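Participant: One structure coming up, written as structure tokens, with questions to follow.
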Amino acid sequence: MRDDVIICRCEDVTYGDIVRAVERGLTTTEELKRILRCGMGPCQGRTCSRLITRIIADKTGRSIEEIEHPVVRPPTRPVEIGVLAGDDEDRRGTGAPAGDDEG
């Protein structure tokens, strides 16, 4: 594969970026996520995570099953999607914090 092929479209990370990072010793998807931001865009890795795992496996000689995946950290309590999108105008002035259904 050519170095300029985009693997993570959301964060514009190329195959070459990933290979160089693996050669420097980053051998988990979590490490690549932290350094290159792979999987941190709008798709949250749904598009690129399998590709990245495959590249790590190919470059390290490990099986895909051996590659650790990033930790998923969902919100600690349910949050309305409008709050995440910044659409909390209807809650302003009510005294209720955004995302709080009581009030």
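The values are calculated or read from the model by the stated rules, or taken from the named source; none is laboratory data. Bear in mind that the values here come from a model prediction, so they are computed numbers and not experimental data. Glycine gets a Cβ as well: all are built from the backbone with ideal geometry, and neighbour counts include every protein chain shown.
Participant: In the range 16-37, which residues are under 11 Å from I52 (Cα atoms), surrounded by fewer than 18 Cβ atoms within 10 Å (Cβ to Cβ) and among the charged types (D, E, K, R)?
Facilitator: Matches in the range 16-37: E30 only.
Participant: In addition: Take the residues in the range 5-15 that are surrounded by fewer than 20 Cβ atoms within 10 Å (Cβ to Cβ) and in contact with a Lys or Arg (Cβ under 8 Å, 6 or more places away or on another chain), then tell me which one is modelled with the highest pLDDT.
Facilitator: Y15
Participant: Taking the range 30-54 only, how many residues are in contact (Cβ under 8 Å) with a residue 40 or more places away in the chain and under 17 Å from E66 (Cα atoms)?
Facilitator: Matching residues across the range 30-54 total 3.
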